[in-house]
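Visitor: Below you will find the structure I want to go over with you.
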Amino acid sequence: EDQVTQSPEALRLQEGESSSLNCSYTVSGLRGLFWYRQDPGKGPEFLFTLYSAGEEKEKERLKATLTKKESFLHITAPKPEDSATYLCAVQASSGGGADGLTFGKGTHLIIQP
Amino acid sequence: NAGVMQNPRHLVRRRGQEARLRCSPVKGHSHVYWYRQLPEEGLKFMVYLQKENIIDESGMPKERFSAEFPKEGPSILRIQQVVRGDSAAYFCASSTQLNTGELFFGEGSRLTVL
């Protein structure tokens with residue numbers, strides 16, 4: 001069974017204090033790893049797709065990286081508007097018709113001014 | 001708003017009643033997914049549909065739950081004889097491509113069963 005574990009569950013940072021969120025996964029053949037952002041009361045918003053170990057993607061203050069066992073979401077000099085829950089998800093290349101994503105429980109990030 | 005539209009946003013039902021949740025995908029998207037988010041839990045995949053076809057329903061309970069995406073109109077997630085454990089946020093997502101994890105999510109329908 002595919003599994004995604006995110007840590008920490010919650011993280012409180014000062015504005016400008018850089019940090020990293022972790023996503024560990026086990027999957028029977030990785031088709032893709034995805035990062036989403038979810039604000040309270042809203043649906044998830046897509047951020048990044050990573051397909052193979054060594055790949056990196058960047059968007060503003062966020063950078064996502066991937067190894068064979070985990071992914072990191074690095075946040076550089078965060079601002080209060082970066083406060084959200086960040087979700088990691090994997091899609092398996094199982095070939096069995098299972099097209100859904102397996103999500104972690106998320107990291108709740110709070111950036112204090 | 002050209003995004004995924006879900007309604008109702010909030011729904012209250014008593015045990016044993018039926019709940020119908022509707023989802024209109026992004027215009028031009030032909031792939032629809034339903035996910036459930038229980039309190040303190042991650043999003044769980046339920047079902048993946050294309051127009052008039054269920055492609056993968058491996059995450060949907062066999063009893064009481066059904067989904068459709070007709071040729072015309074929104075996708076419907078139907079829960080019959082609701083129980084308290086069905087209380088959750090139900091999210092719909094859509095995409096243009098097959099087998100993609102890059103999904104556009106709606107804002108969710110929050111079901112409360114009394």
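Visitor: Tell me the residue from A:Ala84, A:Ala77, A:Ala53, A:Ala64 that is surrounded by 20 or more Cβ atoms within 10 Å (Cβ to Cβ) and touching a Ser or Thr at 6+ places or on another chain (Cβ under 7 Å), please.
Guide: Numbers: A:Ala84 fails: touching a Ser or Thr at 6+ places or on another chain (Cβ under 7 Å); A:Ala77 fails: surrounded by 20 or more Cβ atoms within 10 Å (Cβ to Cβ); A:Ala53 fails: surrounded by 20 or more Cβ atoms within 10 Å (Cβ to Cβ).
Only one candidate passes the filter, namely A:Ala64.
Visitor: Of the conditions (1) free of Cβ contacts under 8 Å to residues at least 24 places away in the same chain; (2) more than 27 Å from A:Gln3 (Cα to Cα); (3) outside any loop (DSSP other than H, G, I, E, B), B:Phe45 satisfies every one except a single condition; which number is it?
Guide: Only one criterion in (1) free of Cβ contacts under 8 Å to residues at least 24 places away in the same chain; (2) more than 27 Å from A:Gln3 (Cα to Cα); (3) outside any loop (DSSP other than H, G, I, E, B) is unmet by B:Phe45, namely (2).
Visitor: So B:Phe65 clears everything in (1) within 14 Å of chain A (Cβ to nearest Cβ); (2) at pLDDT 95 or above; (3) under 23 Å from A:Phe103 (Cβ atoms); (4) surrounded by 13 or more Cβ atoms within 10 Å (Cβ to Cβ) except one condition, right? Which one?
Guide: Exception for B:Phe65: condition (1).
Visitor: Here is a further query. Restricted to region B:4-42, and to residues that are under 24 Å from A:His108 (Cβ atoms) and in a loop (DSSP other than H, G, I, E, B), which residue is nearest to the other protein chains (Cβ to nearest Cβ)?
Guide: Looking at the filtered set, the residue picked out is B:Gly42.
Visitor: Residues being aliphatic (A, V, I, L, M), modelled with pLDDT of 90 or more and over 12 Å from the mean Cα position of the chain (by Cα): count how many of those fall in region A:75-100.
Guide: First, pick out the residues of region A:75-100 that are aliphatic (A, V, I, L, M): A:75, A:77, A:84, A:87, A:89-90, A:92, A:98.
Applying the additional criterion that residues be modelled with pLDDT of 90 or more yields A:75, A:77, A:84, A:87, A:89-90.
In the following step, the residues that additionally are over 12 Å from the mean Cα position of the chain (by Cα) were identified as A:77.
Residues that pass the stated criteria total 1.
Visitor: Exactly one of (1) within 14 Å of chain B (Cβ to nearest Cβ); (2) within 12 Å of the chain's Cα centre (by Cα); (3) hydrophobic (A, V, I, L, M, F, W, C) is unmet by A:Phe72. Its number?
Guide: The failed condition is (1).
Visitor: What's the total number of residues in region A:1-32 that are over 23 Å from A:Glu58 (Cβ atoms) and either assigned to a strand (DSSP E or B) or aromatic (Phe, Trp, Tyr) (or both)?
Guide: 5
Visitor: Just for region B:78-97: of the residues that are in a loop (DSSP other than H, G, I, E, B) and either among the hydroxyl-bearing types (Ser, Thr, Tyr) or within 8 Å of another protein chain (Cβ to nearest Cβ) (or both), which one is farthest from B:Gly3 (Cα to Cα)? Steps first, please.
Guide: As a first pass, look at region B:78-97 and keep what is in a loop (DSSP other than H, G, I, E, B): B:80-83, B:87, B:96-97.
Of the ones still in play, those that are also either among the hydroxyl-bearing types (Ser, Thr, Tyr) or within 8 Å of another protein chain (Cβ to nearest Cβ) (or both) are B:87, B:96.
Working: B:Ser87: 25, B:Thr96: 13 Å.
Here the residue is B:Ser87.
Visitor: Tell me, please, whether a residue that is more than 12 Å from chain B (Cβ to nearest Cβ) and assigned to a loop (DSSP other than H, G, I, E, B) can be found in region A:33-50. Before the answer, list the steps.
Guide: Let us first name the residues in region A:33-50 that are more than 12 Å from chain B (Cβ to nearest Cβ), namely none.
Looking for residues that are more than 12 Å from chain B (Cβ to nearest Cβ) and assigned to a loop (DSSP other than H, G, I, E, B), one finds none in region A:33-50, hence no.
The values are calculated or read from the model by the stated rules, or taken from the named source; none is laboratory data. Everything quoted here is computed from the prediction, not taken from an experiment. Note: ideal-geometry Cβ built from the backbone for every residue, glycine included; neighbour counts use all protein chains shown.
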